[in-house]
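The values are calculated or read from the model by the stated rules, or taken from the named source; none is laboratory data. Keep in mind that this is a model prediction, so the values were computed, not measured. Here the Cβ positions follow ideal geometry from the backbone for every residue, glycine too, while neighbour counts run over all protein chains shown. Heavy atoms of the whole protein, side chains included, go into the accessibility calculation; ligands, DNA and RNA do not. Shrake-Rupley method; radii C 1.70, N 1.55, O 1.52, S 1.80 Å.
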Amino acid sequence: MFKLIMRRKRRCRYAHVKRHKRKKENNVEEDKISKLPDDVLVFILSFMTMKEAARTSVLSRRWRKVWAFIPSLNFDAPYKLDPEVSMYATPRALKLVHAARLGHINWINRVLESYQGSTIDKFRVQFDLNETNKHDLDRWVNFASEKKVKEFVMDLNKFGGLAQDHKYTFPLFCNSLRRFPDFSSLRTLLLKDVNVSGDGIDYLLSSCMYLEQLYVVSSKSLVHLKVDGQSLSLKHLKIKYCRNLESIYISATNLLSFKYAGRPQVSFGNVPNLVELRCGDKYGEYITWNFLQLRNFAFRLVTLTLNVYHVQETSVVYFPVLTHLKNLRLYVLSDDDERLLALAPSMIEASPSLHKFVLVVMSNHHLPYSRARSSVEKAPKCPHQCLKVVELVGFVGRTMEIEMITYFIENAVMLEEIIVDPVVKFMLLPFKRKPMIDLYAKRLKAAGERAVQLKSEFPKLVLRNILYS
């Protein structure tokens, strides 16, 4: 009897051990990720949004603090509010924005209080904030500087795409600590709807020896900008919509690209490595008709983008030979077919190495009561040996566009394709009301039908964003 009892106990003990072993094996199989090193887990979480990464803290003790070491802090706006906020500040819209603003600020503060990493690679804030939120914004800037941030992005654009009325001023001097923030590790700085002065940018350029990318958009404090220094690491500079900006002087040996939209008071010094230039707003129109001012470095350009809002009456345009130009993008707001047909070939003729040409026509032909001329004067023949890709955006099917297609087919020896696209994406933004949307859709369908008809005549046409009836 005693032996029987002992045998049963041994069987029960062995069964319990086997069950425990199987359970342990199953748990190991189910949670192998938790056994990975901390660095690997942090790397995995870096592909998530901040809120998704923070939610992993509830998985287990192992995951409770992992998210707090993510090197990239991205606090972007919840774009789901945008449809609720239009050009008109309704009480409901203002209430939504106010509630979202408070919630977003509190969330960012909680994250920063919980953060345990010693350094961060990227700090990004994109939300509708202004000078009234200065206390919190100053704290975030100081936090980023203390963590030796490498990429700092602050986009305070209003919901609905409107500019801020009372812009926040970027703090180059921290009043609470009586010292300058330390941005010595900074490599990329983007400020949108944030005020920063020319002296402030000069300080940043002189103190941030590794700064390679500087973008300033919609700053009211920027009046005079001087980027001058042979030892500057700056490679990419973008200045847009700073309405009070009166003058720009650039002399930087390492600068590779310059993108500017504003007044035409721009002068260049020594820019031996500048290969990309984008000119918009009044400067784009001015420099198109005075391009010889850039002849000291224009021959080095590889990529050129020009915004020409109005094609001038004169059809004579002088361009220096753009020896290395491979990519040319031209934005035109014009209803004059003859002037446009004269401008584009002139630029292409001056670019013997051109590979790709993009013409974006922002025209009133998308709207009612606009008239396209029944005939235009043909562009003169000019054989081109390198052009492979042509893209016509904002295609309507006018005589000018058909003449343009014919011109490229007859003159581009190495032409591979002509892309026809009726949709100018950023022109869809104003059409928020249903009648305008229906009208625009009707115009797009008509343009699509014309493009399909042309496809049978010109096999090299590639149709994009075509709406069929």
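Looking only at strands (runs of 3 or more DSSP E) that fall completely inside segment 199-290, which ones have 2 or more residues that are of a type in the set (Phe, Trp, Tyr) and either open to solvent by less than 30 Å² (accessible area, probe 1.4 Å) or out of contact with any helix residue (DSSP H, G or I) (no Cβ under 6 Å at 6 or more places or on another chain) (or both)?
257-261
Looking only at segment 325-339, which residues are closer than 26 Å to VAL275 by Cα, modelled with pLDDT under 85 and buried (at least 19 other Cβ atoms within 10 Å of the Cβ)?
Matches in segment 325-339: VAL332 only.
Looking only at segment 204-221, count how many residues are under 21 Å from the mean Cα position of the chain (by Cα) and under 21 Å from LEU274 (Cβ atoms).
7
Can you tell which of GLY262, GLY229 is over 15 Å from LEU204 (Cα atoms) and at pLDDT below 95?
Numbers: GLY229 fails: over 15 Å from LEU204 (Cα atoms).
Of the residues listed, the single one that is over 15 Å from LEU204 (Cα atoms) and at pLDDT below 95 is GLY262.
What residue, among those in segment 178-198 that are in a loop (DSSP other than H, G, I, E, B) and more than 26 Å from ASP128 (Cβ to Cβ), is most open to solvent (accessible area, probe 1.4 Å)? Full working, then the answer.
Restricting attention to segment 178-198, the residues satisfying the condition of being in a loop (DSSP other than H, G, I, E, B) are 178, 180-187, 193, 196-197.
Filter again for more than 26 Å from ASP128 (Cβ to Cβ), leaving 178, 180, 182, 184-185, 187.
On the way: ARG178: 173, PHE180: 111, ASP182: 57, SER184: 41, SER185: 31, ARG187: 91 Å².
Restricting to residues being in a loop (DSSP other than H, G, I, E, B) and more than 26 Å from ASP128 (Cβ to Cβ), the top hit is ARG178.
Restricting to segment 65-101, and then to whatever is at pLDDT below 75 and among the charged types (D, E, K, R), can you tell me which residue is least open to solvent (accessible area, probe 1.4 Å)?
Result: ASP82.
Contact list please: Cβ distance under 8 Å, first residue in segment 125-143 and of a type in the set (S, T, N, Q), second residue open to solvent by 20 Å² or more (accessible area, probe 1.4 Å) and assigned to a helix (DSSP H, G or I), pairs at least six apart or on different chains.
Hits for this filter: ASN133/ARG101.
Say we look at segment 453-464 and pick out the residues that are surrounded by fewer than 17 Cβ atoms within 10 Å (Cβ to Cβ) and closer than 15 Å to VAL393 by Cα; which of these is modelled with the highest pLDDT?
Step one: list which residues in segment 453-464 are surrounded by fewer than 17 Cβ atoms within 10 Å (Cβ to Cβ), which gives 453, 455-460, 462-464.
Still in the running and closer than 15 Å to VAL393 by Cα: 462-464.
Values: VAL462: 81, LEU463: 78, ARG464: 76.
Checked segment 453-464; the qualifying residue modelled with the highest pLDDT is VAL462.
Would you pick out the residues in segment 111-138 that are touching a helix residue (DSSP H, G or I) at 6+ places or on another chain (Cβ under 9 Å), farther than 24 Å from ASP165 by Cα and assigned to a helix (DSSP H, G or I)?
VAL111, LEU112, SER114
Tell me, yes or no, whether segment 301-324 has at least one residue that is in contact (Cβ under 8 Å) with a residue 40 or more places away in the chain, out of contact with any Cys (no Cβ under 8 Å at 6 or more places or on another chain), over 20 Å from VAL217 (Cβ atoms) and open to solvent by 70 Å² or more (accessible area, probe 1.4 Å).
Looking for residues that are in contact (Cβ under 8 Å) with a residue 40 or more places away in the chain, out of contact with any Cys (no Cβ under 8 Å at 6 or more places or on another chain), over 20 Å from VAL217 (Cβ atoms) and open to solvent by 70 Å² or more (accessible area, probe 1.4 Å), one finds at least one in segment 301-324, hence yes.
If I ask for residues that are under 24 Å from SER57 (Cα atoms) and open to solvent by less than 20 Å² (accessible area, probe 1.4 Å), which ones from segment 116-132 would you list? So that I can check it myself, show each step before the final result.
Within segment 116-132, the first condition is being under 24 Å from SER57 (Cα atoms), and the residues that meet it are 116-125.
Within segment 116-132, GLY117, ILE120, PHE123, VAL125 qualify.
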